[in-house]
Every structure is written in C-alpha cells, then in structure tokens.
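**Student:** I'd like to ask some things about the structure below.
Nothing in this text is a laboratory measurement; each read-out follows from the coordinates by a stated rule. Since the structure is predicted, the reported quantities are computational estimates derived from the model, not experimental observations. Here Cβ is always computed from backbone atoms with ideal geometry, including for glycine, and neighbour counts include all displayed protein chains.
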Amino acid sequence: MVDITIVGLGVLNVDQITRETERVIRGSNEVLYVDTGVATRTYLEGLCPRATSLFETSYEEAAHRVNAYHHMAARVLDAAMDHPPVTFAMHGHPTVGVFAPFLIRDMAGLLDLEVRVLPGISAMDCLFAELMIDPCVAGMQMYEATDLLLRRRPLLPDVPALIWQIGCVETSLHTMHVSKPIRFERLRSHLLRFYPPEHEVVAAYATPHPLMPSTVYRFALRDICEQAHLLHPGFTLFIPSAVERPIEDRELLHLVDSVEHLRRITR
Amino acid sequence: MAHGTATDFLVRAALDDAFRELALTDPQRAFEGYDLSDEERDILCSRDGRLLGLLGAAVAKAKTPIEQTAEDDPPETAESHFPSLPEVNLLLRLDPRVTHAPDSAPSVGYAASLSPWPGEHERKPPDEEGREQAAEQSNDAPPGVSWIIRITPTVVDSVTDALPCGSRLNKASSVTAGLKVAYHASIHPNPSQTSEEPPSAERPTAASATSPWIHHVESAAAKAAAQAVRASDADGRYDKLLDLIDALQTGDERG
C-alpha cells in the first residue's frame, strides 16, 4: 500500500486537477494541502472525508520559508503514520519550486513508508500555452531567480530562458509586501550581461481562477525595476532568445530527411 | 432567498461550469441572489487584475474555526494552562592535562567540570576566556573545549491528592499536590569559542546544509531520530518528526 501520495493541484483552481490525482484523493483518509485557491477546500471536501489546509499554519511574515516546509513535512508524516493512506497536495506541480515533498520522501524512507508522486500542471505549462512556446524549437534554460544571482549563472542568449519566482528574488523569507524597484537592480545588471537593454521580456502570471485572465506584462529588460510594484511572487519571467544559433553540422542536416540514413541507424 | 457573498460567487464559478459560463456571458444575471457591493460587481464584470484582490480576500475569509484554533494553539503550547518553567543552562568544560613521568611517554588526562552557565553580564569576552583557559593548562596540552547544556522543562500534567476525610470542603474536591515535569536536554557549542551567536531557544536552523536537498539519510543521527519517531506516541510524534528533520539536514543528533 502506498502510504503517502504527493500530487499537484495545478494552477487554475481545481480545473487542472488530473483524473489520476482525483482518484487518489478519493481513496485517501486525509488530504493535506497547500493551495490558496478559493474553491480548493470545497472541492477537496467533496472527495475526501478529511481535508486539511497547511498554508495558514505554515507561513509567517518575515520567517524563513524553510520553517514552513518543515512543518508541512512533519504534519504529513504524522498523518501517514496515524491513518494511512494520505495525500499531500500542492499547488501546481509537486516537484517544481518546492522542498517539502523531497523532505517527505527522505523521511518516509527512514520510517519505512511508501511514497508515490503524481505529476501536476505547473506555471511553466500554463506559460507555454499562454505564450505559445515550444521548448523543443530552441531549447529552454530555466533557473530560480535568487539561485541565478547567487551562483551568477551564465545565460545563453540564443536559448529562451525561464526565470522562476522573480517576485521572490533576493530573499528566502516569506512576505506579502509589495516590492520596491531596488529589489530588481541586481537581477537587471546580471541579465544585461547577456542581453541588450532594449530586449523585450515577458513577466507572466498564470491565472488561479477561471473568471480571471492570465496576467502578461511585456517590457524592455532595462525597465524591469520600474515594474517592481506589479511583480508579485506568482510571476515568472520569460526571456526570448536574443540571437539565433546557426546550424553547424551541414552533413547531419542533409541526413535528417534521408531514408537511407534512417535505414542505417535503425534495425 | 439566501444572499451569497463575493466569495460564494467565486467558489461557485470555479466549481459549476454552467454558472461560470453565465458569469462570463451575462454577469448581471449571475449576480442575482448575491449580496455584492458596486465595486465587487465592477470587478467581476471587468475581470481585470483587481480580481486578484477579491480572491485574496476570499482566501483570508476561508479560515475555518479548526484552522484558527490550530494557528492560535500550536502543538508545542497545547498545555498552556500550566505554568512555564525556566530553562537551565550549564557549562560543560573539558580540559586536557598532560603529565610527564620520568622515563615514560607523556600521558593525557581530562579534567571535566560542570557549572551554571554565566549570565550575559558575567560572561567574559572570548579573548579573555581563552587566555584564562590557556594559563590554566600546561604548555604542551591541547586547548580545552566547552559546551552549553540546555535543559528545558515542560509541565505535562498535574498530580492531585484527595482531601482528608472530615474536611469541611466538598469530599469530591482535590488539591494540586505537584506537577509532572518532562525534560528536554540539548548540547551546543560554546559561542565564546566560536564566532556564532549563542543558540536561541528557537529551533536551530539547518545552517550546515549548503542546500535544503542535502539530507544525511545514512547518518546514525537520522536513523536514531527515525527510531525515536517510531517509538513515540501520537502526542509526541510531531516534535520527534521535527527532530528527524534536523538530523537529516545536519547529520547531528539532537538532545
């Protein structure tokens, strides 16, 4: 028996919950969730006898977000040891931009509890749809905003880039306060090392409710600081490629349409 | 007729496909039966960025009494009607001593002492404390080390006695004869010997992990902490799980 199933609830409140996830929640004794969707509680209570929100008891203003994740993990494991099976449900995809699921996995291993993870729709999936992006065309490089700056990660200007959590940049502490322009100065300086100042970037926020359209702001990279008051923690920054990398392997280019080459590389 | 709020409207629009369609195509009809302010109607009609504020307000109102109780009464303060007891800090000091006997190799012994942790006003600056320790030791002995032992008492129950027969008070009454106390002990490096601030009474953060994802699952400390979780009862399991998290992140045993 699987003791803990970790699932994602998607981004668009309840509409993006997969059938697989719904089935698991129905079969659980308790679903513990971290999702602030307005209809999440009502929906989950219709599936499971016990639906417990962990958001309100986890996060504190100006407190380290790691404390919240510790609390979530301890609550989930506590429930799983008391009345398995349980489900831990997170907003979006359960392994993207999160920590508690990894902690739960490692703790469960030591406690001989079985864990399973199911995929969910993440902000990246919503952004691909909203902006009509195919990551297979020119690839995709993606980094969490603060990690990008801490490690001064280089960016390839010929590969589109996704910078996660720009609204949370430069802090690991939880806050609901609006950002000041100064918050984005370091990020702007770093990005200007790889892109021209006039390069258009896109800040996108996938809508959490079906009545509200997604929010998309397009602006020149040099103006990112002036958008500070708009960029709340839900925003992701998409940076289109600034240049195109030319094809170098002309021989392979001729081979990709060759039936003879196909016969040569397949049985 | 029941009058729903803006929150009710948003919840129904998220769960009811037909109602959602009505809210999008004919919002005025959808508003019937809901007690909405002019501003709320305007926001729900325009469906612009202000809707985010309406959603945030809806989430803030959505706290249930159980959640409010849990927020106000976290597990570690469940017994709040009992008095809180002060914690005790002790200084454990270990000083090596090297003795030289004629015609034999030097031997090393240790002098151990346990004393009350000096208060802030009594503590000496690190340099002065280090010089004192060095002066007390022989020249060829390695420097001594010291730790803080913190003992945190928690009242877990009261012990009652029945009143003696013939008492003028109600025979069913009893008096509190004493308190049942549990102790939690932990050991920490002496901040005078390190550059770190003294440990606070709050749970220590996992500063030694360079990344939250470095978990010492194979460490003896993690295995011991897991064993403690398995051995705990339902009331104590949450705290033991937090101890397990500490062990996973630092590889150190707690308490």
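**Student:** By the gyration tensor of its Cα atoms, with a ≥ b ≥ c the square roots of the eigenvalues, what is the shape of region A:192-259: rounded for a/c under 1.5, prolate for a/b over b/c, or oblate?
**Tutor:** oblate
**Student:** For B:LEU24 and B:ILE214, what does the FRET efficiency come to when R0 = 35 Å and r is the distance between their Cβ atoms, rounded to the nearest 0.05?
**Tutor:** My answer for the efficiency is 0.15.
**Student:** Determine the shape class of region A:24-116: with a ≥ b ≥ c the square roots of the Cα gyration tensor eigenvalues, call it rounded for a/c under 1.5, and otherwise prolate if a/b is greater than b/c, oblate otherwise.
**Tutor:** oblate
**Student:** From the phi angles alone, apply the Karplus equation (6.51, -1.76, 1.60; θ = phi - 60°) to region A:41-50 and give each ³J(HN,Hα) in whole Hz, x where the residue is Gly or Pro.
**Tutor:** 4, 4, 5, 5, 5, x, 9, 9, x, 9
**Student:** For an R0 of 60 angstrom, estimate the FRET efficiency from the Cβ-Cβ distance between A:PHE219 and B:ALA224 and round to the nearest 0.05.
**Tutor:** Working from the Cβ atoms, E equals 0.65.
**Student:** Follow-up. Can you tell me how chain A classifies by the Cα gyration tensor, rounded, prolate or oblate, using a/c under 1.5 as the rounded cut?
**Tutor:** The shape class here is oblate.
**Student:** What does DSSP give for region A:123-239 in terms of the percent of beta bridges that are antiparallel, rounded to the nearest 5?
**Tutor:** 75
**Student:** So, one more: With label points built 7 Å along Cα→Cβ from the Cα atoms of B:ALA57 and A:ASP134, find their separation and express it in nm.
**Tutor:** 4.5
**Student:** Please list the non-local residues whose amide H lies under 5 Å from the amide H of A:THR52, H modeled 1.01 Å from N, same-chain partners needing a gap of 5 or more.
**Tutor:** Placed amide hydrogens put A:VAL31, A:LEU32, A:TYR33 under 5 Å from A:THR52.
**Student:** Taking H as built 1.01 Å from N, whose amide H comes closer than 5 Å to the amide H of B:ARG97, not counting residues under 5 places away?
**Tutor:** Those lying under 5 Å, H to H, from B:ARG97 are B:GLY109, B:TYR110, B:ALA111.
**Student:** Which whole-Hz ³J(HN,Hα) couplings does region B:94-106 yield from phi under the Karplus relation 6.51 cos²θ - 1.76 cosθ + 1.60, θ = phi - 60°, glycine and proline marked x?
**Tutor:** Using θ = phi - 60°, the values come out as 10, 10, x, 10, 9, 10, 10, 9, x, 6, 8, 5, x Hz.
**Student:** Still on this structure, please answer the following. How charged is the neighbourhood of A:ARG116? Take every other residue with its Cβ under 11 Å from the Cβ of A:ARG116, and add Lys/Arg as +1 and Asp/Glu as -1.
**Tutor:** -2
**Student:** Rounded to the nearest 5, what % of the DSSP beta bridges within chain A are antiparallel ones?
**Tutor:** Restricted to chain A, the bridges split so that about 40 percent are antiparallel.
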